[in-house]
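Engineer: Dumping the structure here so I can ask a few things about it.
The values are calculated or read from the model by the stated rules, or taken from the named source; none is laboratory data. Nothing here was measured: the structure is a model prediction, and the numbers come from that model. Cβ placement follows ideal geometry from the backbone for every residue including glycine, while neighbour counts extend to all protein chains displayed. Surface areas here come from the heavy atoms of the whole protein model, side chains and all, with no ligands, DNA or RNA. Shrake-Rupley method; radii C 1.70, N 1.55, O 1.52, S 1.80 Å.
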Amino acid sequence: MVKILAIESSCDETAAAVITDGYQLLSNVEATQIPVHQLYGGVVPEIASREHLNAVVPVVRRALLDANLALADLDAVAVTQGPGLIGSLLVGVSYAKALAFAAGLPLIAVHHLEGHINAPFLEHPELEFPYLALVVSGSHSGVALAEKPGYYKLLGQSRDDAAGEAFDKIARALGLTYPGGPAIQQAALTGEPVYDFPSAWLEGTYDFSFSGLKSAVLNFLNQKQMKGETYRVADVAASAQEAIVRVLAEKAVRAAREYERDTIVLAGGVAANQALHERVQSLAPEMRVIYPSPKFCTDNAAMIGAAALGKFARGEFADFSLNAEANLPLYFYA
Ligand code: KG4
Ligand code: ZN
């Protein structure tokens, strides 16, 4: 049975997991830095890399202990190569290389988004390619055809802010905590989408744009302040969430229909959003809509392990010259 140790350190979570065939998790450990970054309203890259350095050894040790395995029992070490914050990525990549070298194990480099796209297999091992993937995180928003393991064709992506970034920036303007997505989802529960904030439709493409929405919300808040008018944060949150969700859902469903896919997979941190699940399913009742539990939507090492299983099976190994890449190009095939 294949046993892979996977390490993820691209942003603000130091994570390690041990996974075996059939997407069975033997352990899944995470040290979150969110409380540290909350003090600053967002991720501070320099602090993030130092936190990873503190956490990586205990997190990996814990993952091996929980799995009841020694390094020598493993078949490979997998790590997120990019994209992400370079100082953060370097901690995971350097440590994974050192471990693999010391234990004489093969090294597997995983693209962070390939991890997100493969996360649904952790809870739905019966899921089969091909499917339509809506990949929405704090740094990427794209619509892709997941054709087979390792083959993802990009149909469109955000031309400016990612959907998660829009949630984070709007939440910050509303005085809500970082990360903004869960905070807006929570606030929206007691609000109504009474404000008609704009969604950029960019007709004829599967591209997104969220910077106009962010400006519209900021202008709205400034105007209200200048006029001394009050507003309900919950209503603004519900309206902003609606403006983001409707365009994501609509484009994902349109793409699935155009390319005749019967399964839509929601992936990335924003895929934890309940309004998004409901909207996609209600727009496409005939389709299977799959999304991971929230802990597998946001950054985690289990998803890196899930993608690594495929790479192990295909014999796709990295050598010890592996370097972290902040802007690792999308592996999406044309
Ligand atoms: O995938 P992820 O953990 O990190 C990146 O790869 O960027 O995504 C983080 C993003 C953040 O912008 C966060 O606000 C958003 O995912 N997010 C959500 C929710 N949970 C996390 N957005 C909307 N609704 C949520 N429930
Ligand atoms: Zn991510």
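Engineer: Pick out, in residue order, every one of the GluC sites (Glu not before Pro) in the range 113-185 that is DSSP loop and has at most 10 other C-beta atoms within 10 Å; say none if there are none.
Structural biologist: E126, E128
Engineer: Label points 7 Å out from Cα along the Cβ direction at R254 and Q24: separation in nm?
Structural biologist: So the two model labels end up 4.5 nm from each other.
Engineer: For the range 234-309, give the percent of accessible area contributed by carbon and sulfur heavy atoms, probe 1.4 Å, rounded to a whole number.
Structural biologist: Carbon and sulfur: 47 percent of the exposed surface of the range 234-309.
Engineer: Give me the net charge of A72's neighbourhood, meaning all other residues with Cβ under 15 Å from the Cβ of A72; Lys, Arg count +1, Asp, Glu -1. Present the calculation step by step, with values, prior to reporting the outcome.
Structural biologist: Details: positive: K3, R61; negative: D73, D75.
Taking every Cβ under 15 Å from that of A72, the sum is 0.
Engineer: Leaving out ligands and nucleic acids, note down the accessible area per residue over the range 1-91 with a 1.4 angstrom probe, in whole Å².
Structural biologist: 42 Å²
Engineer: May I pose another question? Using a 1.4 Å probe on the protein heavy atoms only, what accessible surface does T177 show? Give it in Å² to the nearest 10.
Structural biologist: Here the residue's solvent-accessible area equals roughly 90 Å².
Engineer: Taking the Cα atoms of the range 112-219 alone, what are Rg (to one decimal) and Dmax (as a whole number) in Å?
Structural biologist: Looking at the range 112-219, its Cα Rg and Dmax stand at 15.8, 47 Å.
Engineer: In a GNM of the chain with a 10 Å cut-off on Cα contacts, which of G181, G191, G268 has the highest mean-square fluctuation?
Structural biologist: G191
Engineer: Step through the table entries K3/K153; K153/K251; K3/K97; K148/K311; K97/K311, compare each Cα-Cα distance with 19 Å, and write down the pairs that go over it. Before the final figure, lay out the partial values.
Structural biologist: On the way: K3/K153 29 Å; K153/K251 15 Å; K3/K97 17 Å; K148/K311 12 Å; K97/K311 17 Å.
Distance filter (> 19 Å) returns K3/K153.
Engineer: May I ask for the distance between the Cα centers of the range 153-192 and the range 31-73, given as a whole number of Å?
Structural biologist: Cα centroid of the range 153-192 versus Cα centroid of the range 31-73: 24 Å apart.
Engineer: Ratio of the range 161-270's C-alpha Rg to 2.2 N^0.38 Å, to two decimals?
Structural biologist: Against the empirical 2.2 N^0.38 Å value, I get 1.12 for the range 161-270.
Engineer: Now for a different question. In what order, largest first, do T230, T20 sit by accessible area if the probe radius is 1.4 Å?
Structural biologist: T230, T20
Engineer: Starting from the Cα-Cα distance between A72 and R314, subtract it from 0.36 nm times their residue separation and give me the gain in nm to one decimal.
Structural biologist: The A72-R314 span can extend by a further 84.9 nm.
Engineer: If you don't mind, there's one more thing I want to ask. When ligands, DNA and RNA are left out and all protein chains stay put, how many square angstrom of accessible area per residue does the range 165-256 have with a 1.4 Å probe?
Structural biologist: Heavy-atom accessible area per residue stands at 46 Å².
Engineer: In the full protein assembly as shown, how much of M287 is accessible to a 1.4 Å probe, in Å² to the nearest 10?
Structural biologist: Surface accessible to solvent at M287 totals approximately 20 Å².
Engineer: If you place +1 on the Cβ of every Lys and Arg and -1 on the Cβ of every Asp and Glu, how big does the dipole about the Cα centre of the range 1-154 come out, in debye to the nearest 20?
Structural biologist: 340 debye
Engineer: Using a cut-off of 14 Å between beta-carbons, work out the net charge of the residues near M1 (Lys and Arg +1, Asp and Glu -1, M1 not included).
Structural biologist: Residues close to M1 contribute a combined charge of -2.
Engineer: What percent antiparallel are the DSSP beta bridges of the chain, to the nearest 5?
Structural biologist: 60 percent
Engineer: Another question, then. List the GluC sites (Glu not before Pro) within the range 230-263 that DSSP assigns to loop and that have no more than 13 neighbouring Cβ atoms inside 10 Å.
Structural biologist: Passing both the DSSP loop test and the Cβ count: E260.
Engineer: No solvent, one uniform scatterer per C-alpha: report log10 I(q)/I(0) for the chain via the Debye equation at q = 0.09 1/Å, two decimals.
Structural biologist: -0.46
Engineer: How big is the dipole moment of the chain about its Cα centre under a simple scheme where the beta carbon of each Lys and Arg is +1, that of each Asp and Glu is -1, and everything else is neutral? Debye, nearest 20, please.
Structural biologist: Dipole about the Cα centre, nearest 20: 360 debye.
Engineer: A follow-up question, please. Suppose every Lys and Arg Cβ carries +1 and every Asp and Glu Cβ carries -1, with no other charges. What dipole size does the range 144-268 come out with about its Cα centre, to the nearest 20 debye?
Structural biologist: Charge dipole, the range 144-268, about its Cα centre: 200 debye, nearest 20.
Engineer: For the chain, what is the mean residue ellipticity at 222 nm derived from helices alone (per DSSP H run of n ≥ 4: -39500 (n - 2.57); sum divided by total residues; nearest 500 deg cm²/dmol)?
Structural biologist: Calculated from helices alone, the mean residue ellipticity at 222 nm is -13500 deg cm²/dmol.
Engineer: Let me ask something else. Just to be sure I understand the model, the point goes 7 Å from the Cα along the line to the Cβ. What's the resulting T32 to A103 distance in nm?
Structural biologist: Spacing of the two 7 Å Cα→Cβ label points: 2.7 nm.
Engineer: Ok, one more. Given a 1.4 Å probe and every protein chain left where it sits, what share in percent of the accessible area of the range 104-209 is carbon and sulfur? The partial results should precede the final answer.
Structural biologist: Numbers: 2090 of 4090 Å².
C and S fraction of accessible area: 51 percent.
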